[in-house]
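Peer 1: Take a look at the following structure, please.
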Amino acid sequence: MSQGKVLVLHGPNLNLLGTRQPEIYGRETLDDVNNALHQRALLAGWDIHCFQSNHEGALIDAIHAARLDGTLAIIINPAAYTHTSVAILDALNAFEGKVYEVHLSNVHRREAFRHHSYVSLRADGVIAGLGTQGYQAALEAVFAAAPP
Ligand code: CA2
C-alpha cells in the first residue's frame with residue numbers, strides 16, 4: 001500500500017535545465033531530477049507525480065487537482081512565478097497538505113527582485129541554493145511530516 005502521494009511542480013523555463021546557464025542551475029536535466037525523485041519515492045513506498053509547465057494556469061490546475069486526489073504534499077519550484085504570482089499563492093492557500101518551496105539557486109544572493117516570494121507566504125519549508133539536492137531534501141521533509 002502507498003504511504004502517500006506527493007506532487008512535484010516545476011515552473012517556467014525549468015524544462016531547459018541542464019542545457020543553459022550551468023553555472024547557476026547545474027548540469028542535471030529535469031528528467032535527471034525527476035528520475036532521482038521517482039527512485040527515492042519508490043524506495044519509501046510513496047506515489048509521486050512530477051509536472052513542468054511554462055503556463056501559470058496549468059500549474060494552478062495541477063494544484064487544484066491535488067486538492068481532490070488525496071495528494072499529501074506539494075514540492076514546488078515556481079521559477080519566475082515565485083516573484084510575481086498571487087494566483088499560484090491563492091491556489092496553494094486552497095490546498096490543505098504540506099507545501100515545500102525549492103529553488104536551485106540561492107535567490108537571496110541574486111538580484112533584489114528575486115528576494116521576495118509570494119509562495120513563501122504559504123510554504124511550510126523553503127530550500128534555496130542546494131541545486132537539485134534541494135528537491136531531495138524537500139522530499140525527505142515530506143516523508144518526515146507524513147502521519148504514521
Ligand atoms: O533558483 C531557482 O530555482 C529559480 O526558481 C529559477 C528561476 C528563477 O526565475 C528564480 O528566480 C529562481 C528560473 C528558472 C529558469 O531555469 C533555467 C534553467 C536552465 C536554463 C535556463 C533557465
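The values are calculated or read from the model by the stated rules, or taken from the named source; none is laboratory data. For clarity, every value in this text was computed on a predicted model and none was experimentally measured. Heads up, the Cβs are rebuilt from the backbone with ideal geometry, glycines too, and the neighbour counts pull from every protein chain shown.
Peer 1: Can you tell me which residues in region 5-17 are assigned to a loop (DSSP other than H, G, I, E, B) and either in contact with a Ser or Thr (Cβ under 8 Å, 6 or more places away or on another chain) or surrounded by 17 or more Cβ atoms within 10 Å (Cβ to Cβ) (or both)?
Peer 2: 11, 12, 17, listed by residue number.
Peer 1: Considering each of 95, 51 in turn, give the residue that is among the aromatic types (Phe, Trp, Tyr), within 16 Å of the ligand (Cβ to nearest atom) and modelled with pLDDT of 95 or more.
Peer 2: On the way: 95 fails: within 16 Å of the ligand (Cβ to nearest atom).
Exactly one of 95, 51 is among the aromatic types (Phe, Trp, Tyr), within 16 Å of the ligand (Cβ to nearest atom) and modelled with pLDDT of 95 or more, namely 51.
Peer 1: A follow-up question, please. Looking only at region 29-45, count every residue that is within 16 Å of the chain's Cα centre (by Cα) and either crowded, with 16+ Cβ neighbours inside 10 Å or not acidic (Asp, Glu) (or both) and tell me the total. Give the derivation first.
Peer 2: Of the residues in region 29-45, the ones within 16 Å of the chain's Cα centre (by Cα) are 29-38, 40-41.
Pick out the ones that are also either crowded, with 16+ Cβ neighbours inside 10 Å or not acidic (Asp, Glu) (or both) and you get 29-30, 33-38, 40-41.
Count: 10.
Peer 1: Looking at 54, 77, 93, which one is in contact with a helix residue (DSSP H, G or I) (Cβ under 9 Å, 6 or more places away or on another chain) and buried (at least 20 other Cβ atoms within 10 Å of the Cβ)?
Peer 2: Working: 54 fails: buried (at least 20 other Cβ atoms within 10 Å of the Cβ); 93 fails: buried (at least 20 other Cβ atoms within 10 Å of the Cβ).
Testing whether each residue is in contact with a helix residue (DSSP H, G or I) (Cβ under 9 Å, 6 or more places away or on another chain) and buried (at least 20 other Cβ atoms within 10 Å of the Cβ) leaves just 77.
Peer 1: Do we find a residue being of a type in the set (S, T, N, Q) and over 18 Å from residue 12 (Cβ atoms) anywhere in region 97-115? Talk me through it step by step, then tell me what you get.
Peer 2: Filtering region 97-115 for residues of a type in the set (S, T, N, Q) gives 105-106.
Keeping just the survivors that are over 18 Å from residue 12 (Cβ atoms) gives 106.
Yes, region 97-115 has at least one match.
Peer 1: So which residues in region 1-55 are more than 23 Å from residue 141 (Cα to Cα), out of contact with any Phe, Trp or Tyr (no Cβ under 9 Å at 6 or more places or on another chain) and of a type in the set (A, V, I, L, M, F, W, C)?
Peer 2: Listed by number, the list holds a single entry, 24.
Peer 1: Let me ask another. Report every pair of residues separated by at least 6 positions or lying on different chains whose Cβ atoms are under 7 Å apart, first residue within region 86-113 and hydroxyl-bearing (Ser, Thr, Tyr), second more than 11 Å from the ligand (Cβ to nearest atom) and part of a helix (DSSP H, G or I).
Peer 2: So the pair list comes out as 100/138; 100/141; 100/142.
Peer 1: Restricted to region 1-28, and to residues that are within 9 Å of the ligand (Cβ to nearest atom) and of a type in the set (Gly, Ala, Ser), which residue is nearest to the chain's Cα centre (by Cα)?
Peer 2: Applying the filter and picking the extreme gives 11.
Peer 1: Would it be correct to say that residue 90 is among the acidic types (Asp, Glu) and under 25 Å from residue 140 (Cβ atoms)?
Peer 2: Details: among the acidic types (Asp, Glu): yes; under 25 Å from residue 140 (Cβ atoms): no.
Against the criterion (among the acidic types (Asp, Glu) and under 25 Å from residue 140 (Cβ atoms)), residue 90 does not qualify.
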